[in-house]
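The values are calculated or read from the model by the stated rules, or taken from the named source; none is laboratory data. For clarity, every value in this text was computed on a predicted model and none was experimentally measured. FYI the Cβ positions are ideal-geometry reconstructions off the backbone, even for glycines, and counts take in every protein chain you see. For the accessible areas, the whole protein counts, side chains as well, though only heavy atoms, and no ligand, DNA or RNA atoms are used. Shrake-Rupley method; radii C 1.70, N 1.55, O 1.52, S 1.80 Å.
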Amino acid sequence: MAELRELLPVEAVRLDVRAADWRAAVRAAGDLMVATSASTDAYTAEMIDNVVANGPYIVVAPGFAFAHARPSPAVLRTGMAWVRLAEPVEFGHETNDPVDLVVALAAADPSAHTTAMAALARLLGDPETAAALRAAPTPEALHALLGGGARP
């Protein structure tokens, strides 16, 4: 399994994105995975459909949504996208709304999905690292932090 830094290229990071609602926020992340050849537009639709069908369970922590869908033919390779929103949006989660950070995952298989989720959870589970990632001034700075680089 590739490291987070490899799964989340600088080109798949956007900071201070404007989104009218949760669908636009998920679409922004999906568009980055399409642009970096991790998935197709169909996978972005699958991520949105997942929330419609199952509710906002992807809002896994205060302010943080982990957008994903099941592995499917719309996934071209395992990859991720990171979208920090300029203004938080509501997903409808009782305790973790509003969301200002959407990380999306396109996993080629269930094993890749679980491994990537665990790696991200370890990273965001450290409050100091999580704060540094949220405050990263540029996509390059965020990418450096993913690899254990200097904090901004």
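For the chain, a Gaussian network of Cα nodes joined below 10 Å ranks Thr44, Thr138, Thr36 by mean-square fluctuation, and the top entry is Thr138. Look at [x] 2, 7, 13, 16, 16, 18, 14, 10, 4, 1, 0; [y] 2, 11, 21, 24, 23, 14, 4, 0, 0; [z] 1, 8, 15, 18, 20, 17, 12, 5, 2, 1, 0: the one that is P(r) over Cα pairs in 5 Å bins from 0, in percent derived from this structure is [y]. Only Lys, Arg, Asp and Glu carry charge here, each on its Cβ (+1 for the first two, -1 for the last two); on that basis the chain has a dipole of about 220 debye about its Cα centre. In the chain, the calculated helix contribution to ellipticity at 222 nm averages -13000 deg cm²/dmol per residue, counting -39,500 (n - 2.57) for every DSSP H run with n ≥ 4. Is the stretch 45-132 best put as rounded, prolate or oblate by its Cα gyration tensor, with a ≥ b ≥ c the root eigenvalues, rounded for a/c under 1.5, and otherwise prolate when a/b is larger than b/c, oblate when not? Cα axes put the stretch 45-132 in the oblate bin. Each of Glu6 and Ser37 was given a label point 7 Å from its Cα along the Cα-to-Cβ line. The distance between the two points is 1.6 nm.
Accessible surface area normalised per residue over the stretch 1-148 is 46 Å², counting heavy atoms of protein chains with a 1.4 Å rolling probe.
Quick one: putting +1 on the C-beta of Lys and Arg, -1 on the C-beta of Asp and Glu, what dipole do you get for the stretch 70-152 around its Cα centre, in Debye to the nearest 20?
Magnitude of the dipole: close to 360 debye.
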